[in-house]
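Please read the structure below before turning to the comments.
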Protein chains: 2
Amino acid sequence: MSEENFADRLLTAVETRRSHVVVGLDPDYESLPPEIRAAHPGDAYEREDLQRVACYRDFLVGLLDGLQAEAAVVKPQIAYFEVLGTQGYELYMEVVRMARERGYVVIADVKRGDIGSTAEAYARAHLDIAGADAVTVNPYFGSDALEPFFVRARERGKGVFVLVKTSNPGSAEIQDLLLSSGEPLYGRIADLVSEWGRETLGAGGYQAVGAVVGGTHREEAAGLRRRMPRVPFLVPGYGAQGAQASDLRGLFDERGTGAVVNSARAILYAYRKRPGVHWLDAARQETEQMRAALWRAAGRG
Amino acid sequence: MSEENFADRLLTAVETRRSHVVVGLDPDYESLPPEIRAAHPGDAYEREDLQRVACYRDFLVGLLDGLQAEAAVVKPQIAYFEVLGTQGYELYMEVVRMARERGYVVIADVKRGDIGSTAEAYARAHLDIAGADAVTVNPYFGSDALEPFFVRARERGKGVFVLVKTSNPGSAEIQDLLLSSGEPLYGRIADLVSEWGRETLGAGGYQAVGAVVGGTHREEAAGLRRRMPRVPFLVPGYGAQGAQASDLRGLFDERGTGAVVNSARAILYAYRKRPGVHWLDAARQETEQMRAALWRAAGRG
């Protein structure tokens, strides 16, 4: 069984929708549009978690239905589902399925990492059972712990994004530690990601083992693009975390592709900056603005 | 609200049951005792996941009821629950609750790690909602991403075990990378763990921010014990992964405490090495052997 290479599917999705936008599905109850919460009054539910799950479902289905022209990729962040317990986990699985049915490429943002047999269980849980197209993983254990993900990238059309340089202010504390070779730790991880994905190269010139590279570190990110020319980037940090489209120019290749850029809060809760606009229209406008800004930053128009 | 320091609770649990054993709850369907599987024939269930969850529940409740004299701590590995989807996630939460009701210290082995608001959701999901006493976390993001866990260690009697040196063969690939200071990466992480836990010191001399240190690296582990004298260790790698009690001597302090040692497969599936013995008796015998061997290795008798 051999499905189409993940990197090729990702590149095609970007070209088809002319969009590098990844919509981060990070539902937060307090930030939901008031009309979503009003449609599910607390006293209509036996338990708070059930009420919240009902709100999240309406909200996320709305987004998935409404953003198909503007975004090619969605990234459910599982922490925001786990925090609602069992019902939240069920909704996570439902959201992955519904997103795939609507033609999105789905990156499950789970950042898992563990030893062999446990990593195998995680890979099955998220790539096989939940059915995501790709997952995010943490490299700290080393490559033997990532092999269950890599084998699915080599043989089953799945993708893996390995944390290289994250977008948080404290990322320097560990990731920038200087190695005896004179390079920072994240540089070494970058080289390993290139190596790990060598056997997953698609027809479009990119491999199915990608890298998470925060958009908040302009210089480092451009350096990483040059260092990993065949590695697709998943870029967090846009919007609410501070990165602008112009900061991201260096993350795209000379064809204007090779990176997809995530934004969550700025899209999901865009209604807060647009009084009088329906929340979904606001999300759509925000996504379209981001799409156009990234398309220009990628030198595409 | 301030509950008793986690490190103190952990030390007390070890003394009370005279046991450094952590029972790793890593259920694997194919390895279950035949009588557990026979009690839940596939055709009695609508779906395979429901049948497996029923088997896991019987098996885990049996272990929790049966090992209370031999083990003080249990460590559910969430990957083996996630792989059964929503019903598996529900069972994970149930197992945490049932273990706490039976007086075990519960370490949820989730190895989470992510940026601020996401880390907060993970900390809530596993420490507040599922209600574990402690969790395992990955340090790659840096300390700002771990703060939601640390605040619960400082203020709510919770514990955190940070990956320092893992038990897998490939751990050297990243964790042993030599820094410009001349030390390996894991040594720097060890120093950070000591710093991060400074404000969580309990009356027993240990802090509530601990370290995961694989028992399969005898020399490194003893060095880490000296380097982190106030940091409690969670030690994987015993039994099925190859470490013996004598390998672990260096992980205990001069009082014979400061480390708890995990074994999963060797205990859970001990019936396979003991033909004719009931699976739970086999698990109990294996745990008692391990308990006694560790007690001696710790210089306690």
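Key figures for this structure:
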{"read-out": "Any hit, the stretch A:67-88, residues being over 22 Å from residue A:269 (Cβ atoms) and either among the charged types (D, E, K, R) or not in a helix (DSSP H, G or I) (or both)", "value": "no"}
{"read-out": "Of all residues in the stretch A:172-194 being over 22 Å from the mean Cα position of the chain (by Cα) and of a type in the set (D, E, K, R), the one that is nearest to residue A:105 (Cα to Cα)", "value": "A:188"}
{"read-out": "Number of positions in the stretch B:241-252 that are over 19 Å from the mean Cα position of the chain (by Cα) and in a loop (DSSP other than H, G, I, E, B)", "value": "0"}
{"read-out": "Among (1) of a type in the set (Ser, Thr, Tyr); (2) away from chain B (no Cβ under 14 Å); (3) in contact with a helix residue (DSSP H, G or I) (Cβ under 8 Å, 6 or more places away or on another chain) - the single one residue A:86 does not satisfy", "value": "(2)"}
{"read-out": "Filter pass, residue B:167 being more than 18 Å from the chain's Cα centre (by Cα) and either within 9 Å of another protein chain (Cβ to nearest Cβ) or under 25 Å from residue A:213 (Cα atoms) (or both)", "value": "no"}
{"read-out": "Which listed residue is modelled with pLDDT of 95 or more and open to solvent by 30 Å² or more (accessible area, probe 1.4 Å), from A:77, A:87", "value": "A:87"}
{"read-out": "Whichever residue in the stretch B:94-103 is in contact (Cβ under 8 Å) with a residue 12 or more places away in the chain and surrounded by fewer than 24 Cβ atoms within 10 Å (Cβ to Cβ) and, among such residues, is nearest to the other protein chains (Cβ to nearest Cβ)", "value": "B:94"}
{"read-out": "Of the criteria (1) modelled with pLDDT of 95 or more; (2) surrounded by fewer than 24 Cβ atoms within 10 Å (Cβ to Cβ); (3) more than 20 Å from the chain's Cα centre (by Cα), which one residue B:121 fails", "value": "(2)"}
{"read-out": "Check on residue A:38, at pLDDT below 95, open to solvent by 50 Å² or more (accessible area, probe 1.4 Å) and of a type in the set (Gly, Ala, Ser)", "value": "no"}
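Residues checked against (1) assigned to a helix (DSSP H, G or I); (2) open to solvent by less than 60 Å² (accessible area, probe 1.4 Å); (3) farther than 23 Å from residue B:69 by Cβ:
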{"residue": "B:7", "(1), (2), (3)": "yes, yes, yes"}
{"residue": "B:10", "(1), (2), (3)": "yes, yes, no"}
{"residue": "B:16", "(1), (2), (3)": "yes, no, no"}
{"residue": "B:24", "(1), (2), (3)": "no, yes, no"}
{"residue": "B:52", "(1), (2), (3)": "yes, yes, yes"}
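The values are calculated or read from the model by the stated rules, or taken from the named source; none is laboratory data. In this text the structure is predicted, and so the values were computed from the model without any measurement. Using ideal geometry, Cβ is built from the backbone for each residue, glycine included, and neighbour counts are taken over all protein chains shown. Accessible surface is based on the protein model in full, side chains and every heavy atom, while ligands, DNA and RNA are left aside. Shrake-Rupley method; radii C 1.70, N 1.55, O 1.52, S 1.80 Å.
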